[in-house]
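Single-structure report; data block below.
The values are calculated or read from the model by the stated rules, or taken from the named source; none is laboratory data. Since the structure is predicted, the reported quantities are computational estimates derived from the model, not experimental observations. Note: ideal-geometry Cβ built from the backbone for every residue, glycine included; neighbour counts use all protein chains shown. Surface areas here come from the heavy atoms of the whole protein model, side chains and all, with no ligands, DNA or RNA. Shrake-Rupley method; radii C 1.70, N 1.55, O 1.52, S 1.80 Å.
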Amino acid sequence: MDVENRLKQDRDRYSLALIQGEAVLARSVISEALSRNTSHARILLEILAPSLIKIGELWHEGVINVAQEHLATTITMETMDFLRDTVAPRSNLGVRAVVTPVEGDQHNIGARMIADFLHMDGWDVDFLGSGTPAGDLVDFAQSRGADLVALSSTLPEFLPNVEAVADRIHRLPPTRPKLLLGGGALEMTNEDAEIFGCDAVASNILEAVSVARSLVGLTQAKPTLEEQLASIGRKINATRTSRKMTQQQLADASGLERTYISLIENGRQNLTIEAALKIANALEVSTSDLLSQP
Ligand code: B12
């Protein structure tokens, strides 16, 4: 089974575990995904996040009730604790972020995700689980020597509370923490960062890590070997499926073993230049397209 179908299967199984309130099953789906070297980023963004959105839809349709939704949220928070324990951050960057939902907003999983992505990138992170009053938040960030405060706002009605934080932060000396804003509320407004007094807004979590680095004056991360191999695998998988080729057909056309193709597509094979050339030729793309940085 190829990577995308396997991921879809994981997503369906994880969603079902949430609907049934089966924490052990949910954990085992994620353990299996990890054992197949699925990246933490993909598990968070392509299994956990869409499963919660599905829970939201079912709740909206009256198929599940608030108690079931609460359990699904709790199971996902526990899953995120488990995932974080298995992460090896890239390196210690020597920068600190305070991450929190904006005051009033009870949605804290998006904030927790940004906290985890920064942690994976090598930041020291203080995740405050619930919205904190502006004064206390800014005092805390200052006392922790934070370089960044990242706020998540899911509901637009709490955006004025972002401005309250910005107002406090701007009263600090110039070495103040930078303020980053993200979350669903921004999809419902065309306003830009300055309107809320923030230093930047980010529309998604992957972008946020790069924006956060720029804000505190760090260079952008170089991809690790694992990330590079995963990216090559995804490109080969996407190109092969867009050409409606099976793994066996690609193996035959490139003169490689099907199992070798499967390992490459799963990002688990450090492929040779010769293999990259054969696959590129069989897929009729250039090797530079396949090997370009993620
Ligand atoms: C779980 C949930 C709840 C739980 C929250 C529990 C918890 N601990 O988080 C509870 C029950 C408390 C809740 C309450 C409410 N909820 Co609610 N909830 C959801 C649900 C089902 C899942 C949210 C979630 O965790 N998603 C998964 C995370 C990972 O996604 P995310 O938050 O969008 O984050 C992503 C991005 O936005 C981004 N991101 C997030 N933060 C940040 C920050 C930065 C810096 C960056 C860069 C990116 C970023 O990255 C994440 C990954 O891609 C959604 C359904 C949905 N479609 O999302 C509704 C939903 C968000 N809720 C909604 C509503 C209306 C409410 C209530 C007003 C309902 C009510 N009438 O009481 C209340 C509001 C309470 C309050 N004061 O906040 C609506 C919002 C509609 C809107 N946009 O106005 C939704 C969309 C449901 C719906 N379809 O109607 N909710």
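For this structure, a couple of remarks:
- Some residue of the range 57-71 being near the ligand (Cβ under 8 Å from one of its atoms), outside the structural domain of GLY184 (by TED's automatic domain parsing), β-branched (Val, Ile, Thr) and open to solvent by 60 Å² or more (accessible area, probe 1.4 Å): yes
- Identity of the residue in the range 88-117, of a type in the set (D, E, K, R) and in a loop (DSSP other than H, G, I, E, B), that ends up farthest from the ligand (Cβ to nearest atom): ARG90
- Residues within the range 240-294 that are part of a helix (DSSP H, G or I) and within 27 Å of the chain's Cα centre (by Cα), tallied: 12
Residues are listed down the side, and each one gets a yes or a no for (1) in contact with a Phe, Trp or Tyr (Cβ under 6 Å, 6 or more places away or on another chain); (2) part of a loop (DSSP other than H, G, I, E, B); (3) open to solvent by 70 Å² or more (accessible area, probe 1.4 Å); (4) within 16 Å of the ligand (Cβ to nearest atom):
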{"position": "SER130", "(1), (2), (3), (4)": "no, yes, yes, yes"}
{"position": "LEU137", "(1), (2), (3), (4)": "no, no, no, yes"}
{"position": "GLY145", "(1), (2), (3), (4)": "no, yes, no, no"}
{"position": "GLU163", "(1), (2), (3), (4)": "yes, no, yes, yes"}
{"position": "ARG168", "(1), (2), (3), (4)": "no, no, yes, no"}
{"position": "THR175", "(1), (2), (3), (4)": "no, yes, yes, no"}
{"position": "LEU186", "(1), (2), (3), (4)": "no, no, no, yes"}
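- Restricting the range 32-56 to residues that are free of Cβ contacts under 8 Å to residues at least 40 places away in the same chain and open to solvent by 40 Å² or more (accessible area, probe 1.4 Å), the residue that is farthest from the ligand (Cβ to nearest atom): SER35
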